[in-house]
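Notes follow once the structure below has been shown.
The values are calculated or read from the model by the stated rules, or taken from the named source; none is laboratory data. These numbers come from a predicted model, not from an experiment. Positions of Cβ are backbone-derived with ideal geometry, glycine not excepted, and every protein chain shown enters the neighbour counts. What goes into the accessible areas is simple: the full protein's heavy atoms, side chains included, and nothing from ligands, DNA or RNA. Shrake-Rupley method; radii C 1.70, N 1.55, O 1.52, S 1.80 Å.
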Amino acid sequence: MGSGHDHGTTAIRHEKPLWWALGLTGGFLIAEVIGAFLTNSLALLSDAAHMGTDTVALMIALTAVRLSRKPPDAKRSFGYARMEAMGAMANGLMLFAVAAYILWEAVGRFSEPPQIATTGMLVIASLGLVINLIAMRLLSAGSGESLNMKGAYLEVWSDMLGSIAVIAGAIVIRFTGWTVVDPILAVLIGLWVLPRTWTLLREAGNVLMEGVPKDIDLDAMRALLTSTDGVRDVHDLHVWSLASSTPAMTAHLVVAPGTDGEALRRQLSKLLDERYGIEHCTLQIESENCGDACDAPH
């Protein structure tokens, strides 16, 4: 028996700020790439690469918003909720590739640091910082609503720190002539992004592998169900995520004789929604353990 069969993703109400943030970051990305080559700054190119991943992350988030509006159909009964995790996974893999490239380029520059146009580097990085701060402001309200929104916000947040590092590097190089500061900053920016990227990949992978959501304790849920009056046993308990903010679960409940199964199902469905935010809940009421039959297709 089921309750709350909402197969769609949680609505994201911040599409307009996403469009504004995408326009700002995408437009400035072109200027920053050109500036990185004109100034010969690897740190600025590293920052531009992260601005590029910001742009892609925002495009992924917008794609997820659009696809989430499509209703389920005969081939995709849960709709397109998993597009969010697939997009986040692609974004994370791209971040790893960018970080690896920057680190590789930086190694060569330690032995032969090139001359750098610090004035242009400083101006471009300062403009990038302003763009990042505006984008962060636009995305902050929706950063807790989905995996993609979180990834997009963290992308911009990290890039903001990168812009600050590039500004500091330009000032140091201008007044000291230590051009080796440029590859050092590039390495630091590259290393900064890796742990965050791993976290994003791990969360997206957990959704795609139908893992238990990180904020749900499966043993505690089992204990909650078995402690309910009328429930004798719980088996075939599965909890997973349709998307980052859309948990779902199924379970078989063996109930005591004389128990009103429908009333119990409604009671537990409401409890699971209140305690764990699970609206898509399917509970099978049984008078005895179904044994090997539980493994058969339902």
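Accessible surface area normalised per residue over the chain is 49 Å², counting heavy atoms of protein chains with a 1.4 Å rolling probe. The simple spin-label model puts a point 7 Å past each Cα toward its Cβ; for Ser140 and Leu38 those points are separated by 3.2 nm. With both residues required to sit in the chain, DSSP beta bridges show an antiparallel share near 60%. Just check region 84-211 against the gyration tensor rule for me: Cα atoms, a ≥ b ≥ c as the square roots of the eigenvalues, rounded for a/c under 1.5, and otherwise prolate or oblate depending on whether a/b exceeds b/c. Here region 84-211 falls in the oblate category. A Förster radius of 51 Å, combined with the Cβ-Cβ distance separating Asp260 from Leu191, puts the computed FRET efficiency at roughly 0.30. Each of Ile216, Thr119, Gly87 was placed along the dipole of the chain (beta-carbon charges, centred on the mean Cα), and the one lying farthest toward the positive end is Thr119. Would you work out what percent of the accessible area of the chain, with all protein chains in place, is carbon or sulfur (probe 1.4 Å)? Ligands and nucleic acids excluded, carbon and sulfur reach 63 percent.
Label sites at Leu127 and Leu271, each approximated as a point 7 angstrom past Cα along Cα to Cβ, lie 6.1 nm apart.
Rounded to the nearest 10 degrees, the inclination of helix 118-139 to the longest alpha-carbon principal axis of the chain is 20 degrees. Count the DSSP beta bridges whose two residues both fall in region 178-292, then state the antiparallel fraction as a percent rounded to the nearest 5. The antiparallel fraction comes to roughly 55 percent. Only one item in (1) 21.6; (2) 19.6; (3) 18.9 matches Kirkwood radius over Cα pairs in Å derived from the coordinates shown, and that item is (1). On a 0 to 90 degree scale, rounded to 10, what angle separates helix 83-111 from the longest Cα axis of the chain? The answer is roughly 30 degrees.
Charged side chains reduced to their Cβ positions (Lys and Arg at +1, Asp and Glu at -1) give the chain a dipole of some 960 debye around its Cα centre. If the chain linking Leu67 and Glu15 were pulled fully straight, counting 0.36 nm for each residue of separation and taking away their Cα-Cα distance, it would gain 17.5 nm. Largest GNM mean-square fluctuation across Gly169, Gly23, Gly108, computed for the chain with C-alpha springs under 10 Å, falls on Gly108. For the chain, the mean residue ellipticity at 222 nm estimated from helices alone is -22000 deg cm²/dmol, where every DSSP H run of n ≥ 4 contributes -39500 (n - 2.57) and the total is divided by all residues, rounded to the nearest 500. Longest stretch of the chain clear of exposed loop sites (GluC sites (Glu not before Pro), DSSP loop, at most 13 other Cβ atoms within 10 Å, sites excluded): 1-209. For region 116-229, a crude dipole built from +1 on the beta carbon of Lys and Arg and -1 on the beta carbon of Asp and Glu, taken about the Cα centre, is about 480 debye to the nearest 20. A crude spin-label estimate for the pair His238 and Tyr101, with each label 7 Å from Cα along the Cβ direction, gives 4.0 nm.
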